[in-house]
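Novice: Here it is, the structure in full.
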Amino acid sequence: MDVMLPEESDEVVGEDYSDARLAGQKWRQRTFTNCNFRDADLTGLTTESVVFTDCDFTGTDLGESVHTGTAFRSCNFARTSLWHSTFRNCSLLGSTFDGCRIRPLTLDEVDFSLTSLGGADLRKIDFTSCRFREANLVRADMRGAVLASADLSGARTGGLKLEGADLRGARIDPSLWTSASVGNAQIELMQAVAYASAHGLVVDMK
């Protein structure tokens, strides 16, 4: 289905773009609220300073899309294809990801705070300086991922797989050291002390 999109700076509320063919389009300074993009073809979409709020991207193809300064607030991503997409200085605050095809993915300082990524396949993705404050990472697979200087404060990490991940400089709650699998992960000295303390060891720093 071919559809007409609003002009720049227009606000769209409650529109149905399900099954729409919108591949390769460029959207700038638009606002979409409670819109339906189910099963739409958004391959190669480019967005700049666009705001999506409570939008449904179930089954949507966002492969090879590029997003700069765009916000996806409390959006639903179920069985969504995000592979080979790029997010720069974007926010995914409060969004939910379920059964999505995510890897490979390029990220630059993206905010995943309050997102639900439980069980997601996030292996070997570079999350440097990304924020996961109070995110749901239960049983997510982040083996080999780069989380240098990332913020995982308050994140739920039960069953999180972090084997071989780079955690240097990451902000981590003490509970992660006992709830997640961190074998062969790269950590700094103070993180090693925190790990030891979380497992009941007393470290003599003299």
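The values are calculated or read from the model by the stated rules, or taken from the named source; none is laboratory data. As the structure is a computational prediction, the values presented were derived from the model and not from experiment. Don't worry about glycine lacking a Cβ; one is built from the backbone with ideal geometry, like all the others, and counts go over all protein chains shown. These area figures cover heavy atoms from the full protein model, side chains too; ligands, DNA and RNA do not enter into them. Shrake-Rupley method; radii C 1.70, N 1.55, O 1.52, S 1.80 Å.
Novice: Considering only residues that are open to solvent by less than 30 Å² (accessible area, probe 1.4 Å), over 20 Å from THR115 (Cβ atoms), assigned to a loop (DSSP other than H, G, I, E, B) and not aliphatic (A, V, I, L, M), which ones fall in segment 24-62?
Specialist: ARG30, GLY44
Novice: Still on this model: Somewhere in segment 121-140, is a residue under 13 Å from ILE102 (Cβ atoms), assigned to a loop (DSSP other than H, G, I, E, B), at pLDDT 95 or above and of a type in the set (D, E, K, R)?
Specialist: Yes, because at least one residue in segment 121-140 is under 13 Å from ILE102 (Cβ atoms), assigned to a loop (DSSP other than H, G, I, E, B), at pLDDT 95 or above and of a type in the set (D, E, K, R).
Novice: Something else: Count, please, the residues in segment 152-191 that happen to be of a type in the set (A, V, I, L, M) and open to solvent by 40 Å² or more (accessible area, probe 1.4 Å). Lay out the reasoning, then the answer.
Specialist: To start, the set of residues in segment 152-191 that are of a type in the set (A, V, I, L, M) comprises 152, 155, 160, 162, 165, 167, 170, 172, 176, 180, 182, 185, 187, 189-190.
From what's left, open to solvent by 40 Å² or more (accessible area, probe 1.4 Å): 187, 189-190.
Count: 3.
Novice: Can you tell me which residue in segment 89-141 is most open to solvent (accessible area, probe 1.4 Å), limited to those that are among the basic types (Lys, Arg) and under 19 Å from PHE57 (Cβ atoms)?
Specialist: Taking segment 89-141 as the starting set, the residues that turn out to be among the basic types (Lys, Arg) are 101, 103, 123-124, 131, 133, 139.
Cutting the leftovers down to under 19 Å from PHE57 (Cβ atoms) gives us 101, 103.
Values: ARG101: 130, ARG103: 81 Å².
Selected residue: ARG101.
Novice: Among ASP61, ASP16, which is over 20 Å from the mean Cα position of the chain (by Cα), among the charged types (D, E, K, R) and more than 19 Å from ASN136 (Cα to Cα)?
Specialist: Numbers: ASP61 fails: over 20 Å from the mean Cα position of the chain (by Cα).
The conditions single out ASP16.
Novice: Of the residues SER65, SER149, which is at pLDDT 95 or above and either open to solvent by less than 50 Å² (accessible area, probe 1.4 Å) or in contact with an Asp or Glu (Cβ under 9 Å, 6 or more places away or on another chain) (or both)? Break it down stepwise before answering.
Specialist: Working: SER149 fails: either open to solvent by less than 50 Å² (accessible area, probe 1.4 Å) or in contact with an Asp or Glu (Cβ under 9 Å, 6 or more places away or on another chain) (or both).
Unique residue meeting the criteria: SER65.
Novice: On the given criteria, is ARG79 open to solvent by 50 Å² or more (accessible area, probe 1.4 Å), of a type in the set (Lys, Arg) and closer than 27 Å to ARG133 by Cβ?
Specialist: In short, yes.
Novice: Could I ask something else about it? Consider GLY99 carefully, then state whether it is over 12 Å from the mean Cα position of the chain (by Cα), of a type outside the set (Asp, Glu) and modelled with pLDDT of 95 or more. Talk me through it step by step, then tell me what you get.
Specialist: Details: over 12 Å from the mean Cα position of the chain (by Cα): yes; of a type outside the set (Asp, Glu): yes; modelled with pLDDT of 95 or more: yes.
Against the criterion (over 12 Å from the mean Cα position of the chain (by Cα), of a type outside the set (Asp, Glu) and modelled with pLDDT of 95 or more), GLY99 qualifies.
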